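Chemist: One structure follows; several queries about it will come next.
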Ligand code: BJW
């Protein structure tokens, strides 16, 4: 059976083919089938903590070691993960259509690794592989830091039980520290990455936490793109609960300029599907399967 109703597929593709100004708003669901957990719902817990509770300046201020353990784990998982067919299909659409712009809330680096042209990809919430100084007065930033772990103390512990065979010794499994039953290594503040410029502040992940501004350059580029023309033809809202602002607000901005909305989501009852009008589309299922099919 086809994943997508044929009549929806046909009307969507007709609209896509005549569209010149297109946006995509991406969220964690896009990378779910690459093995990376989402923020809300199943998989949104890291040990006993809501992922969204660790993504705040307050959490970092209170317990920088815990927050680094969370982000170091996610850097490690993202480096092991591979882009899925949806990442590749979006990258290809960008190469085919100059007027296509992707707004990604994801920090996992999978869209860039799928070859998505950088000029058509705006990373709203930064990247796991950007690092910056947490001291307000220090301007130190680094991009493309793929060192894993970023400091030795953040190495993921392995199963130290006595191996019975050589291969078991070689394959010593990493423990899953996202599981609250696995002990977290003790950390001292002095073990955490320190700013090489001011030598005072701790380094922190270059992502956008709650209450923080999105990167000004990114916001300006999007505003400019939006105001370049009176009309936007289409916005695709893929794998996001569209609950976080200002990201979710781009759906309304696009609609205000005439855009029709296409939602791709596993969960029909999740936020973006509720606000759909006549002439919009809802494609239910795994983005990794649906996106390549509708963009074919
Ligand atoms: C699948 C699938 C599969 C699963 N296939 N689908 C206006 C109104 C109210 C509040 C505010 C407002 N404006 C600003 C705010 C405050 C706040 C906010 O939005 N709060 C809301 C929660 C109410 N916003 C901010 O603080 C922002 N900053 C800001 O506004 O600055 C200005 C300012 C400053 C000071 C004071 C006031 C204003 C910053 C927001 C930063 C968000 N950061 C995070 C963490 C990033 C770092 C990290 O990765 O750790 O970004 S939070 C987290 O949520 C992360 C995500 O990018 C973001 C969105 O989540 P996403 O991607 O949608 O994931 P999920 O899990 O929610 O959804 C997954 C979806 O996929 C689900 O629907 C599934 O069904 C689906 N799915 N598998 C297809 N295989």
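What follows is calculated from the coordinates using simple rules that are stated; it is not laboratory data. Everything numeric in this text was worked out from a predicted model, so none of it was measured. Please note: Cβ atoms are built from the backbone with ideal geometry, for glycine as well, and neighbour counts cover all protein chains shown.
Chemist: What nm value, rounded to one decimal, do you get for the distance between residue 14 and residue 179 when each label is placed 7 Å out toward the C-beta?
Modeler: Inter-label distance under the simple model: 5.2 nm.
Chemist: If you don't mind, there's one more thing I want to ask. With everything on Cα atoms, drop me the angle between helix 64-80 and the longest principal axis of the chain, reported from 0 to 90° to the nearest 10.
Modeler: 60
Chemist: Related question: To the nearest µm²/s, what D does Stokes-Einstein give for the range 124-182 at 4 °C and 1.567 mPa s, using the Kirkwood radius over alpha carbon pairs as Rh? Walk me through the numbers on the way to the answer.
Modeler: Values: Rh = 14.7 Å.
It comes out at roughly 88 µm²/s.
Chemist: If you fit an axis through the alpha-carbon atoms of helix 216-227 and take the longest principal axis of the Cα set of the chain, what angle between them do you get, 0 to 90°, nearest 10?
Modeler: 10
Chemist: Rounded to a whole number of µm²/s, how large is the Stokes-Einstein D of the chain at 10 °C and 1.306 mPa s, given Rh as the Kirkwood radius over C-alpha pairs? Walk me through the numbers on the way to the answer.
Modeler: On the way: Rh = 20.6 Å.
The diffusion coefficient I find is 77 µm²/s.
Chemist: On to the next question. Taking the Cβ of each residue in 87, 116 as the centre, tally the other Cβ atoms inside 10 Å and list the residues starting with the fewest.
Modeler: Numbers: 87 28, 116 22.
Exposure proxy ranking, most exposed first: 116, 87.
Chemist: Can I ask one more? Given that compact globular proteins tend to follow 2.2 N^0.38 Å, what is the ratio of the alpha-carbon Rg of the range 107-245 to that value? Mind showing how you got there, number by number?
Modeler: On the way: Rg = 20.2 Å, N = 139, 2.2 N^0.38 = 14.3 Å.
The range 107-245 yields a ratio of 1.41.
Chemist: Could you give me the radius of gyration and the Dmax of the range 150-193, taking only the C-alpha atoms into account and expressing both in angstrom?
Modeler: 12.7, 37
Chemist: GNM, the chain, Cα, under 10 Å: largest mean-square fluctuation among 259, 183, 51?
Modeler: 183
Chemist: Taking the Cα centre of each part, how many Å lie between the range 215-248 and the range 279-296?
Modeler: One Cα centre to the other: 20 Å.
Chemist: Among 205, 163, 85, determine the one that fluctuates most according to a GNM of the chain built with springs between C-alpha atoms less than 10 Å apart.
Modeler: Looking only at 205, 163, 85, the biggest GNM fluctuation is shown by 163.
Chemist: May I ask you to compute the full-extension gain from residue 137 to residue 52, defined as 0.36 nm times their residue separation minus their alpha-carbon distance, rounded to one decimal in nm?
Modeler: 28.0 nm
Chemist: Relative contact order for the range 106-157: what is it in percent, counting Cα pairs under 8 Å that are at least 6 residues apart?
Modeler: 27 percent.
Chemist: Could I ask something else about it? Using the C-alpha gyration tensor of the range 80-142, what are the square roots of 5 times its eigenvalues, in whole angstrom, with the largest one first? Walk me through the numbers before you get to the answer.
Modeler: Working: eigenvalues 140, 39, 12 Å².
Output for the range 80-142: semi-axes of 26, 14, 8 Å.
Chemist: From the helices alone, meaning DSSP H stretches of at least four residues, give me the mean residue ellipticity at 222 nm for the chain, per-run term -39500 (n - 2.57), in deg cm²/dmol to the nearest 500. Spell out each step's value before the answer.
Modeler: Values: 12 runs with 97 residues, N = 296.
Rounded to the nearest 500, the figure is -9000 deg cm²/dmol.
Chemist: At what distance in nm do the modelled label points of residue 119 and residue 190 sit from each other, each positioned 7 Å from its Cα along Cα→Cβ?
Modeler: 5.0
Chemist: So, R0 is 51 Å and r is the distance between the beta-carbons of residue 200 and residue 166; what FRET efficiency does that work out to, to 0.05? Walk me through the intermediate numbers first.
Modeler: Details: r = 47 Å, r/R0 = 0.92.
For residue 200 and residue 166, the calculated efficiency is 0.60.
Chemist: Run the numbers on the range 58-208 and let me know its relative contact order in percent, using alpha-carbon pairs under 8 Å that are six or more apart. The partial results should precede the final answer.
Modeler: Working: 203 pairs, mean separation 39.8, N = 151.
Averaging sequence separation for qualifying contacts and normalising by length gives 26 percent for the range 58-208.
Chemist: Given an 8 Å cut-off on Cα distances and at least 6 residues of separation, report the relative contact order of the chain as a percent.
Modeler: Values: 484 pairs, mean separation 74.8, N = 296.
It rounds to 25 percent for the chain.
Chemist: Right, here's the next one. Compute the helix-to-body angle for 85-96: its Cα long axis versus the longest principal axis of the chain, expressed 0 to 90° and rounded to tens.
Modeler: Rounded to the nearest ten degrees, it is 50.
Chemist: Looking only at the range 13-47, which residues have a backbone nitrogen under 20 Å from a spot 7 Å from the Cα of residue 269 in the C-beta direction?
Modeler: Only 29, 38-45 fall inside the zone, counting backbone N under 20 Å.
Chemist: Moving to a separate point now. Please arrange 250, 140 by how many other C-beta atoms lie within 10 Å of their C-beta, fewest to most. Could the numbers behind the result be given before it?
Modeler: Numbers: 250 22, 140 15.
So the residues, fewest neighbours to most, are 140, 250.
Chemist: Over what distance in Å are the Cα centres of the range 58-106 and the range 125-174 separated?
Modeler: 16
Chemist: Looking only at the range 44-81, which residues have a backbone nitrogen under 12 Å from a spot 7 Å from the Cα of residue 148 in the C-beta direction?
Modeler: 72-81
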